[in-house]
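Rule-based calculations on the coordinates, nothing more; no lab input. Worth saying up front: this structure is predicted, and the values here are computed from it rather than measured. All Cβ positions, glycine included, derive from the backbone under ideal geometry; neighbour counts span all protein chains shown.
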Amino acid sequence: MDYKIFIVEDDRGIAEGITEQMKQWGLEAKTVSDFHNVMGEFAEFEPHLVLMDISLPFMSGYHWCGEIRKVSSVPVIFVSSASDNMNIVMAVNMGADDFIAKPFDPGVLTAKVQALLRRTYDFGVSSPIIEYKGAMLNTGDNTLTYEDSKIDLTKNEYRLLLTLMQNRGKIVSREKLMEALWESGAFVDENTLTVNVGRLRKKLENAGLNDFITTKSGVGYTVG
């Protein structure tokens, strides 16, 4: 698997050094280019791990970590010279998975990145999770968790929700959703799709997720 590392670091020399180090170990690396649009670049790149400085232009790394945690459980490692206990505790509380103090040994950084990637993706300790508005879709056991309640999904409901959450913020056409159901082995026509979306929406509402799925008349559906 080709892992992608997103580097949020405003020191060009450090960012370039980390990028080269990651590439030497077969990892794809991208450094943020617009500090006004960190989340946009994050969403477009779809990284497997984020390396985040604390002191950044415009908004701090804490802010961006919090924004990432609203939509994703991707591992985040803070890399910062502000390595006092207060900042380390703050980083962990914001959802960081690890903290590396500057100046750092490139070999130690790489070892920590690789270890976290293995724990997250290779060994199944933490199944990949898609998160949106507090709802977490676990692609390991096909369940949805919201406010400490686990919602069991049928095969069709899981396929629909997975497709919608993978495209959160975008309108997903009825045709694309029917293709997703077809891949699950279901017989699909327009009525089948409507019935399945209706059942899924009712199940989500019963769990407190009101208006999670929005109908775009004549086009399709969206979450977001």
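Restricting segment 1-17 to residues that are in contact (Cβ under 8 Å) with a residue 60 or more places away in the chain and under 17 Å from ASP105 (Cα atoms), the residue that is surrounded by the fewest Cβ atoms within 10 Å (Cβ to Cβ) is GLY17. Of the strands (runs of 3 or more DSSP E) lying entirely inside segment 128-224, those containing at least 3 residues that are within 17 Å of SER72 (Cβ to Cβ) and not hydroxyl-bearing (Ser, Thr, Tyr) span 129-132, 135-138. In segment 53-75, the residues that are more than 16 Å from ASN93 (Cα to Cα) form Cβ pairs under 7 Å with partners that are assigned to a loop (DSSP other than H, G, I, E, B) and of a type in the set (Gly, Ala, Ser), at six or more places apart or across chains, as follows: SER55/ALA82.
Conditions (1) closer than 30 Å to LYS170 by Cα; (2) out of contact with any Phe, Trp or Tyr (no Cβ under 7 Å at 6 or more places or on another chain); (3) among the small types (Gly, Ala, Ser); (4) loosely packed, with under 14 Cβ neighbours inside 10 Å, marked per residue:
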{"position": "THR19", "(1), (2), (3), (4)": "no, yes, no, no"}
{"position": "LYS23", "(1), (2), (3), (4)": "no, yes, no, yes"}
{"position": "ASP34", "(1), (2), (3), (4)": "yes, yes, no, yes"}
{"position": "PHE42", "(1), (2), (3), (4)": "yes, no, no, no"}
{"position": "PRO57", "(1), (2), (3), (4)": "yes, no, no, yes"}
{"position": "SER73", "(1), (2), (3), (4)": "yes, yes, yes, no"}
{"position": "VAL89", "(1), (2), (3), (4)": "no, yes, no, yes"}
{"position": "VAL113", "(1), (2), (3), (4)": "no, yes, no, no"}
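SER80 meets the conditions (1) surrounded by 17 or more Cβ atoms within 10 Å (Cβ to Cβ); (2) under 29 Å from THR139 (Cα atoms) in every case but one. The failed one is (2).
Of all residues in segment 37-89, those satisfying the criterion of being part of a helix (DSSP H, G or I) and of a type in the set (Asp, Glu) are GLU41, GLU44, GLU67. Just need a number here: residues in segment 1-27 that are part of a loop (DSSP other than H, G, I, E, B), closer than 15 Å to LYS112 by Cα and touching a Leu at 6+ places or on another chain (Cβ under 7 Å). The number of residues fulfilling the criteria is 1.
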